[in-house]
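Can you keep this structure in mind? I'll have questions shortly.
The values are calculated or read from the model by the stated rules, or taken from the named source; none is laboratory data. Computed from a prediction, not measured in an experiment: that's the story for all the values here. Heads up, the Cβs are rebuilt from the backbone with ideal geometry, glycines too, and the neighbour counts pull from every protein chain shown.
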Amino acid sequence: MYLQLGMITLTVAVYLAMVTTNQWFLSGFELVPGVNWIYLPAGAKLVFTLLFGAAGAVGVFIAALIATRIYYFPNDFISSVADATVCAIGPYIIYRFAAYRFNFSNGCLQNLTPSRLLVCCVAFALANSLLQHTWLIPLGHTTNPPGTLFAMFTGDLLGALAVLYLVKLLLGCVGTPR
């Protein structure tokens, strides 16, 4: 139980730090509020869900709820909950896909080769941007669906690639204990 709580807490802290970093340094790459051409928190969503499974998805939900209340929907609790739910579902779907297809367990990314990580990143960017737009469009939260869909896909893909390959590189530098 404490391990799960630690995983959730780490996910929330790092995700919120990445959202803040993205807001500070990459806000110039924002097409519209919440749609970035480079979105580093997307990588955090995917990496923590791949590493921690359901605990990572719960951490993503909590962090996304906090972030959306601060940055995107400060006066709309329902939209914040919906956005946080979508933020957690996308990477969890890819985690389940990767665990089944690539035969790995959470916490051990050794079976995720660079090409498999690329597949995960593309699938995640597609799933996340489509899920986001599935609820954003009917509520009128987006004005140019094809443009924002493409920008969100691109931003999620670039953010996920940057973060996942960095984590994979760092984990490779640590090595495996004997």
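For residue 100, all conditions in the list (1) assigned to a loop (DSSP other than H, G, I, E, B); (2) without any contact (Cβ under 8 Å) to a residue 24 or more places away in the chain hold save one; what is the number of the exception?
Condition not satisfied by residue 100: (1).
While we're looking at this one, here's another question. What are the residues in the stretch 113-143 that are of a type in the set (S, T, N, Q), without any contact (Cβ under 8 Å) to a residue 12 or more places away in the chain and not in a helix (DSSP H, G or I), if any?
Selection gives 113 alone.
Between 151, 162, which is over 16 Å from residue 90 (Cα atoms), touching a strand residue (DSSP E or B) at 6+ places or on another chain (Cβ under 6 Å) and assigned to a helix (DSSP H, G or I)?
Going through 151, 162 in turn, just one is over 16 Å from residue 90 (Cα atoms), touching a strand residue (DSSP E or B) at 6+ places or on another chain (Cβ under 6 Å) and assigned to a helix (DSSP H, G or I): 151.
Name the residues in the stretch 26-65 that are within 10 Å of residue 7 (Cβ to Cβ) and part of a helix (DSSP H, G or I), would you?
Our first condition is that a residue be within 10 Å of residue 7 (Cβ to Cβ); within the stretch 26-65, this holds for 48, 51-56, 58-59.
Listed by number, the residues that qualify are 48, 51, 52, 54, 55, 56, 58, 59.
Looking at the structure I just gave you, is residue 147 touching a residue at least 60 places away in the same chain (Cβ under 8 Å), small (Gly, Ala, Ser) and surrounded by fewer than 20 Cβ atoms within 10 Å (Cβ to Cβ)?
Criteria met by residue 147.
Within the stretch 136-176, which residues are at pLDDT 80 or above and in contact with a His (Cβ under 8 Å, 6 or more places away or on another chain)?
Result: 145, 148, 149, 152.
Given (1) without any contact (Cβ under 8 Å) to a residue 40 or more places away in the chain; (2) part of a helix (DSSP H, G or I); (3) touching a helix residue (DSSP H, G or I) at 6+ places or on another chain (Cβ under 9 Å), where does residue 74 come up short, assuming only one miss?
Every condition holds for residue 74 apart from (2).
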